[in-house]
Amino acid sequence: QVQVVESGGGLVQPGGSLRLSCAASGTIFSINTMGWYRQVPGKERELVATMTSDGDTKYNESMKDRFTISRHNAENTVYLQMNNLKPEDTAVYYCYVANHPDYYEDYKSREWWGKGTLVTVSS
């Protein structure tokens, strides 16, 4: 019922910047949290940043000085501005959408994931 699509990934040199975009569409009820996770081969998917509909944010502490999350609630879109990119940022970045905040889940909670967009940081 819900489609989540990311865009904006690509190849960038170390120190460069990228801006990722994500849009959720379809039958959507009461989206609360939107955000980003990333994953590299052989490792677990990890939090990058999330934002609730009222603007509360949560960042991975190792990235918050370089990455900034923003969103447009009316359009069901979320963005990730990535600055001063490093080779270790290379990963598939996944858009995350949920009808609940990060700190709370119950039987009504639902989550949706995009298929991912690849970010490669290399010289």
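The values are calculated or read from the model by the stated rules, or taken from the named source; none is laboratory data. Predicted, not measured: the structure shown is a model, and the values here were computed from it. Note that each Cβ is placed from the backbone with ideal geometry, even for glycine, and that neighbours are counted across all protein chains shown. SASA here: full protein model, heavy atoms, side chains in, ligands and nucleic acids out. Shrake-Rupley method; radii C 1.70, N 1.55, O 1.52, S 1.80 Å.
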*For the range 24-48, enumerate the residues that are modelled with pLDDT under 95 and of a type in the set (Gly, Ala, Ser).*
Ala24, Ser25, Gly26, Ser30, Gly42
*Residue by residue through the range 53-62, note down the ones that are without any contact (Cβ under 8 Å) to a residue 24 or more places away in the chain and either open to solvent by 60 Å² or more (accessible area, probe 1.4 Å) or of a type outside the set (Phe, Trp, Tyr) (or both).*
Ser53, Asp54, Gly55, Thr57, Asn60, Glu61, Ser62
_Number of positions in the range 63-75 that are surrounded by 14 or more Cβ atoms within 10 Å (Cβ to Cβ) and part of a strand (DSSP E or B)_ = 5
*State all residues of the range 28-47 that are under 20 Å from Pro101 (Cβ atoms) and either more than 15 Å from the chain's Cα centre (by Cα) or without any contact (Cβ under 8 Å) to a residue 40 or more places away in the chain (or both); if no residue qualifies, say none.*
Ile28, Phe29, Ser30, Glu46, Leu47
*asked:* Filter the range 103-116 down to the residues that are surrounded by fewer than 17 Cβ atoms within 10 Å (Cβ to Cβ) and either within 15 Å of the chain's Cα centre (by Cα) or in a strand (DSSP E or B) (or both) and list them by number.
replied: Glu111, Trp113, Lys115
*Does Thr57 satisfy being β-branched (Val, Ile, Thr) and over 20 Å from Val5 (Cα atoms)?*
yes
_Matching entry among Val97, Val78, Val121, Val92 (being touching a helix residue (DSSP H, G or I) at 6+ places or on another chain (Cβ under 9 Å) and either closer than 28 Å to Gly15 by Cα or surrounded by 20 or more Cβ atoms within 10 Å (Cβ to Cβ) (or both))_ = Val121
